[in-house]
Structure formats: C-alpha cells, structure tokens
Amino acid sequence: METFKESFAVHSYEVDAFGTLAPPALTGFLMEAAGLHAGRLGVGIDALMEKGLTWVLVRQRTEMPAPIVLGDVLEVETWPVGVDRLAALRDFVVRRRDGAEVARGTTQWFVLDVKTRKPVRPETALDARFPRELGKPVVDVAPGKLPELRTWEFQKRFHVRYQDIDVNLHVNNGSYVSWALEAIPKDVYTSSRVAALEVQYLAECHYGSAVLSRLARTGPGAFAHAIVREEDEKELARITTSWVPR
C-alpha cells in the first residue's frame, strides 16, 4: 500500500514556553493525517458514521528523538499496518523539511458501534484496500496493558470542558495527554522535554465530569500517569512519559 503524506507548519499557539512543540499538538497532527488517509481509503469517520460506526483510538506510542520547534515545517507520513483481533493499527513517521526524522509512532484503533459503544470486528467496516495481515510497527509496544498506577506522589484536578469534547461526544485523546503533563514537577518541565509518550485509553469520559491526573516517578526522567474520573474512581487512561534535557 502507498503511504499518505501531509505537511504541517508549527505555529506559535502550538508550542510551549520554550518554543518546543507541545505533545498534544503533535498528537493532533498525527490524528489529522490519519483521518485524511482513512478518508482516501473510504473508511473515514463520515463513511463509518453512515453505518452507525466510528473510530476510537485505544493506544498510541510516540517517540521524539529530536525537538520540534516553532517555525518547523513537518511532513507526516502514515500508513495502515494491519489488523490484530479487534484493533486496526496505523504507523507514522514525522520529518522536518530537511528530511531529518523528528518523531515516529504507532497507534491502535477500534471500530466502535455508536449505539452500543462496543467495538466490532474491523473487517465489518474496512474494505479490501485496508491491509489485514499484521506488519511490524515502527516502534515497539509491549504486549498487554500499561501497568496500573496503584500509588502516586501528586494529584491534580480538572473539569472536562466543551473544548475537550470531540465528534464522538467524548473527551478527545489530546486532552488526556494535556492533563498528564500538567502534573509534571515544574523543575522537570522547565529543564526537559518529552522524548517518548505512551497512552492506553481505557474508558470514555464526557462533559461535566471532574478528572484527577495522578503521577508517580518511575526512574530518572520517567513517569507513570493515571487519569481517573473523580465521581466513581473510574480509570480512564494510563500514560507513561520519558523526558530528556532541553
């Protein structure tokens, strides 16, 4: 299958206080490219909605070996990697205009029945242009779930806002990342940048809920995060981040 490429310029409203692209913004670039390519393949969200289905992201891992900064123009290359049981996989490679690779990632998606809110087998929605045989992802993802965060060092509380809600009427994937990063100690945030990020989405969350962003240090420059719905202690997402000096 041919890959799909889309360009994105890094704007001032997409970087942090140090001029580095914010991880939720990079996630947005990847999701935009994925959506455009899915549309080209006839399985975009509009086509799925006509069948009472939609795409939901269930896991992603992104590695950023080099900083992405204000003024960079990026080329996001993406392609489907195949199907693994209920998950359709998609990979990404991100390069600057000079050809230097600055990020790569892999994602796992469910096709969700809109009424039942349960996943269906991807084959019911994907046509012959979408590969079925599973290829090797561009970054390694450990099998099984990310570890549960049973104890934490810090917790921060947020309310779900209108701008956190996507077309599926639940919290968009970038908001979970933003909440996790808000719990990072200030000395780490000011001296370091995210070099790797992995998210496992476990449950939906909707407008009006309060969420708790919990954090524990797991090693030098390494953190485990949990996003929990306050009202029922429902675990919504597990996240790991790795940081390197700016």
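Taking into account only those residues within segment 192-223 that are among the hydrophobic types (A, V, I, L, M, F, W, C) and surrounded by fewer than 21 Cβ atoms within 10 Å (Cβ to Cβ), which is nearest to THR20 (Cα to Cα)?
Applying the filter and picking the extreme gives ALA195.
How many residues does segment 171-191 hold that are open to solvent by less than 20 Å² (accessible area, probe 1.4 Å) and in contact with a Phe, Trp or Tyr (Cβ under 9 Å, 6 or more places away or on another chain)?
8
Right, VAL15: farther than 30 Å from LYS186 by Cα and either surrounded by fewer than 19 Cβ atoms within 10 Å (Cβ to Cβ) or out of contact with any strand residue (DSSP E or B) (no Cβ under 8 Å at 6 or more places or on another chain) (or both) or not? Break it down into steps so the answer makes sense when it comes.
On the way: farther than 30 Å from LYS186 by Cα: no; either surrounded by fewer than 19 Cβ atoms within 10 Å (Cβ to Cβ) or out of contact with any strand residue (DSSP E or B) (no Cβ under 8 Å at 6 or more places or on another chain) (or both): yes.
The answer is no for VAL15.
Filter segment 18-34 down to residues that are under 19 Å from LEU57 (Cβ atoms) and either open to solvent by 40 Å² or more (accessible area, probe 1.4 Å) or assigned to a loop (DSSP other than H, G, I, E, B) (or both), then give me how many there are.
Residues that pass the stated criteria total 2.
In this structure, does THR54 turn out to be in a strand (DSSP E or B), buried (at least 16 other Cβ atoms within 10 Å of the Cβ) and modelled with pLDDT of 95 or more? Full working, then the answer.
Details: in a strand (DSSP E or B): yes; buried (at least 16 other Cβ atoms within 10 Å of the Cβ): yes; modelled with pLDDT of 95 or more: no.
When the stated conditions are applied, THR54 does not pass them.
The values are calculated or read from the model by the stated rules, or taken from the named source; none is laboratory data. Values in this document were obtained by computation on a predicted structure and should not be read as measured data. Cβ: placed from backbone, ideal geometry, glycine included. Neighbour counts: every protein chain shown. Areas reflect the complete protein model, heavy atoms only, side chains present, ligands, DNA and RNA absent. Shrake-Rupley method; radii C 1.70, N 1.55, O 1.52, S 1.80 Å.
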